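Okay, so here's the structure we're looking at.
Where a number appears in this text, it was derived from the coordinates with a stated rule and is not lab data. Just so it is clear, the structure is predicted and the values come from calculations on it, not from any experiment. Using ideal geometry, Cβ is built from the backbone for each residue, glycine included, and neighbour counts are taken over all protein chains shown.
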Amino acid sequence: MTTEDGSNNRPVSFRDEHLRRYLETNGADGHIWRGMPTLLLTTSGQRTGTPFQTPLIYGEEHGRYLIVASKGGAERHPQWYRNLRATPEVELQVGAERFSARARTATAEEKPALWKLMTGIWPGYDEYQAKTTRVIPLVILERA
């Protein structure tokens, strides 16, 4: 499997192990990861079109899935976010269920309530935002 940075040779990371277990068990081991719900987001590389899978914490609101492009408070958006901005049509796996979705960044009006929901799941998002000058995007995923 090609990693998001395009390399094939690197040590197995926490993310890689999570992804492997999620895929091998069809979500039975990995959907709830360390007490938090996670989904698998598949984006298309913005230059190559290569599919990339990323496990992410998610929330739900009115039948929509919510994810946060935090990258731990880094100054640059995560690659998966840059990919979905270029191509908002994505694939999701939530537990054993797989489906197509369309991604969009929450508006300034939508974000406060959705951010509160997401920090209720993972309070670290507030710490990540405090670490960076970048406004961390919150992404809404709606079934296609």
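Can you tally the net charge around Ala101? Count Lys and Arg as +1, Asp and Glu as -1, for every other residue whose Cβ sits under 15 Å from the Cβ of Ala101.
Working: positive: Arg64, Arg85, Arg98, Arg102, Arg104, Arg143; negative: Glu60, Glu61, Glu89, Glu91, Glu97, Glu142.
Value of the local net charge: 0.
Return the long-range amide H neighbours of Thr50 (sequence gap of 5 or more, or a different chain), with a cut-off of under 5 Å between placed amide H atoms.
Under 5 Å from the amide H of Thr50 lie the amide H atoms of Gly45, each far enough along the sequence or on another chain.
Rg and Dmax of region 14-143 over Cα atoms: what are they, in angstrom?
13.9, 39
For region 14-143, what's the relative contact order in percent, using C-alpha pairs closer than 8 Å and at least 6 residues apart?
Numbers: 229 pairs, mean separation 35.6, N = 130.
Rounded, it is 27 percent for region 14-143.
Measure off 7 Å from each Cα along the Cα-to-Cβ vector at Arg47 and Glu142, then give the distance between these two points in nanometres to one decimal.
Taking the simple label geometry, Arg47 and Glu142 are separated by 3.2 nm.
Per DSSP helix of 4 or more residues, -39500 (n - 2.57); summed, then divided by the residues of the chain. What does that give at 222 nm, rounded to the nearest 500? Mind showing how you got there, number by number?
On the way: 4 runs with 38 residues, N = 144.
It lands at -7500 deg cm²/dmol.
About its Cα centre, what dipole magnitude does the chain give when the only charges are +1 on Lys and Arg Cβ and -1 on Asp and Glu Cβ, stated in debye to the nearest 20? Intermediate results must be reported in sequence, preceding the final value.
Details: 19 positive and 17 negative charges, 70 e Å.
For this selection, approximately 340 debye.
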